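Asks: Before I ask anything, here is the structure I am working with.
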Amino acid sequence: MTSPLRSVRRAPVQRRSTLRVERMLDAAAGLLDEVGTEGLTTSGIARAAGVSVGSLYQFFPDKHAVVEALARRSFARFSRRLAALETPGWEQAVDAVVDLYVAFSRDEPGFQVLSFGGPVVGLRALDPQHDNNAVVAHALGQVVGEVDLPDDVLRLAVEIGDAILALAFRRDPAGDPALVAEAKTAVKAYLHAKLR
């Protein structure tokens with residue numbers, strides 16, 4: 001069962017507080033990779049961040065709120081890299097998006113657990129109005145903007161790619177290259193069919 005969206009108790013205002021929250025999120029990301037969601041605790045996050053548990057509770061009501069904030073931060077980082085992509089056509093854009101997603105999954109601490117670890121993050125952690133894959137589909141639509149595709153088509157393309165990439169990372173922590181290639185093929189084949 002996924003946790004409902006929990007808002008941050010208070011947003012950091014001062015630079016010092018912002019840096020402290022970033023340390024907490026960095027610590028949570030490292031712990032997710034190390035101990036998984038079952039082993040993640042607020043006291044463990046605080047200890048790894050070098051802050052008191054009370055300091056963590058000033059900003060987050062529980063570990064689920066920390067994980068959701070971490071997911072939003074990771075998606076924001078991914079989105080910035082996604083927005084910087086320049087490709088000559090939509091097929092190259094699909095390849096570039098999959099490659100970026102794979103590289104990000106390898107490099108961003110905690111991202112594999114957040115993405116492929118089951119219902120770790122609430123379904124609406126990225127945006128309270130839309131579920132997470134709808135937000136990702138919108139971002140994909142910005143990259144493949146040369147073709148006009150309905151939101152549902154982009155959403156299904158994301159779901160297809162996500163399912164295959166999840167399997168790729170279950171088979172190999174770095175992402176099975178053969179399955180990464182299959183994700184690209186499957187998404188492009190689906191979009192080709194919809195563009196006819």
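Asks: Net charge near P173, counting Lys/Arg +1 and Asp/Glu -1 over other residues with Cβ under 14 Å of its Cβ? Please report the intermediate quantities before stating the final value.
Replies: Numbers: positive: R106, R170, R171; negative: D33, E34, D107, E108, D172, D176.
After counting each charged neighbour, the total is -3.
Asks: Grab the beta carbon distance between D152 and S52, set R0 = 30 Å, and tell me the FRET efficiency rounded to 0.05. Let's see the in-between values first.
Replies: Values: r = 47 Å, r/R0 = 1.57.
For D152 and S52, the calculated efficiency is 0.05.
Asks: Quick one: net charge around E159, please, counting Lys, Arg +1 and Asp, Glu -1 for every other residue with C-beta under 13 Å from its C-beta. Write down the numbers at each step before the final one.
Replies: Working: positive: R155; negative: D131, D151, D152, D162.
In short, -3.
Asks: Mind checking which helices in the chain clear 20 Å along their axis (Cα) and have mean Kyte-Doolittle hydropathy of 1.0 or more, DSSP H runs only? Numbers along the way, then the final one.
Replies: Values: long enough: 15-39 (31 Å, -0.32); 63-83 (30 Å, -0.20); 90-107 (25 Å, 0.21); 151-171 (30 Å, 0.70); 177-195 (27 Å, 0.45).
Span-like helices in the chain: none at all.
Asks: Considering only protein heavy atoms, what is the solvent-accessible area of V97 at a probe of 1.4 Å, reported in Å² to the nearest 10?
Replies: Approximately 20 Å² of V97 is accessible to the 1.4 Å probe.
Asks: Between R80 and R196, what FRET efficiency follows from the Cβ-Cβ distance if R0 is 45 Å, with the result rounded to 0.05?
Replies: It comes to 0.85.
Asks: On a 1.4 Å probe surface of the protein chains, which of R170, R77 comes out largest in accessible area, and what is the full order? Intermediate results must be reported in sequence, preceding the final value.
Replies: Working: R170 165, R77 70 Å².
If we order R170, R77 from most to least accessible, we get R170, R77.
Asks: Further question: Only Cα pairs under 8 Å and at least 6 apart count here; give the relative contact order of the chain as a rounded whole percent. Show your work: numbers first, answer last.
Replies: Details: 229 pairs, mean separation 42.9, N = 196.
Contact order relative to length: 22 percent.
Asks: Additional query: What length, rounded to one decimal in nm, is gained on full extension from L19 through to T41, with 0.36 nm per residue of separation minus their alpha-carbon distance? Kindly include the intermediate steps, with their values, before the conclusion.
Replies: On the way: separation 22, 0.36 × 22 = 7.92 nm, distance 2.03 nm.
Separation in residues times 0.36 nm, less the Cα-Cα distance, equals 5.9 nm.
Asks: So how strong a dipole does the chain carry about its Cα centre when Lys and Arg Cβ are +1 and Asp and Glu Cβ are -1, to the nearest 20 debye?
Replies: On the way: 23 positive and 24 negative charges, 186 e Å.
For this selection, approximately 900 debye.
Asks: Given a Förster radius of 22 Å and the C-beta distance between D107 and D131 as r, what FRET efficiency does 1/(1 + (r/R0)^6) yield to the nearest 0.05? Intermediate results must be reported in sequence, preceding the final value.
Replies: Working: r = 25 Å, r/R0 = 1.15.
Plugging the Cβ-Cβ distance into 1/(1 + (r/R0)^6) gives 0.30.
Asks: Rank these by accessible area, largest first, 1.4 Å probe: R15, R80, R20.
Replies: Numbers: R15 175, R80 150, R20 45 Å².
Most to least solvent-accessible, the answer reads R15, R80, R20.
The values are calculated or read from the model by the stated rules, or taken from the named source; none is laboratory data. All of these numbers come straight from a predicted model, not from anything done at the bench. Backbone-built Cβ (ideal geometry, glycine too); neighbour counts: all protein chains shown. Only protein heavy atoms, including side chains, enter the accessible area calculation; ligands, DNA and RNA are left aside. Shrake-Rupley method; radii C 1.70, N 1.55, O 1.52, S 1.80 Å.
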